[in-house]
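Asker: The structure's right below; bear with me while I get my questions together.
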Amino acid sequence: MDKRKILLISLFSLVSLGVFLVILRYSIRVKQELLFVSVPSYLVSNTNCQYVNLKKELTNFPSVLIYFNSSCPICQSEAELIHRNFSENLET
């Protein structure tokens with residue numbers, strides 16, 4: 001009788017662990033899918049002062065979208081630094 005109880009408890013524990021792992025894997029997958037958002041179709045200015053369609057640009061290859069407040073001095077200096085780094089990387 002004791003062996004049956006141990007077997008049932010072990011079986012219940014294994015099934016519970018399996019269900020938990022399936023739920024955990026599903027929730028991780030859902031969180032990863034939420035990281036990829038749909039980009040609206042906006043016209044934005046790139047670093048060469050040309051207007052591009054944001055949706056078309058971001059679907060062709062991996063991209064970085066940097067948004068900043070143009071009236072903020074810290075944001076302006078950061079944007080200049082980012083532009084300089086991108087320009088240097090394109091030359092090499």
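Asker: Using the alpha-carbon atoms, what tilt in degrees (0 to 90, nearest 10) does helix 2-35 show relative to the longest principal axis of the chain?
Answerer: 10
Asker: How large is the translational diffusion coefficient of the chain in µm² per second when you combine the Kirkwood radius over alpha carbon pairs with Stokes-Einstein at 4 °C and 1.567 mPa s?
Answerer: The Stokes-Einstein estimate is 71 µm²/s.
Asker: What is region 43-91 by shape, rounded, prolate or oblate, if you read a ≥ b ≥ c off the alpha carbon gyration tensor as root eigenvalues and call it rounded for a/c under 1.5, prolate for a/b larger than b/c, and oblate otherwise? Write down the numbers at each step before the final one.
Answerer: Working: a/c = 2.11, a/b = 1.34, b/c = 1.58.
Oblate, because a/c is 1.5 or more while a/b does not exceed b/c.
Asker: Rounded to the nearest 10 degrees, what's the angle between the helix 73-91 long axis and the longest principal axis of the chain, both from Cα atoms, 0 to 90?
Answerer: On a 0 to 90 degree scale, this one is about 90.
Just so you know, all these numbers are worked out from the coordinates, no wet-lab data involved. Here the structure is a predicted model, which is why all the values come from computation and not from measurement.
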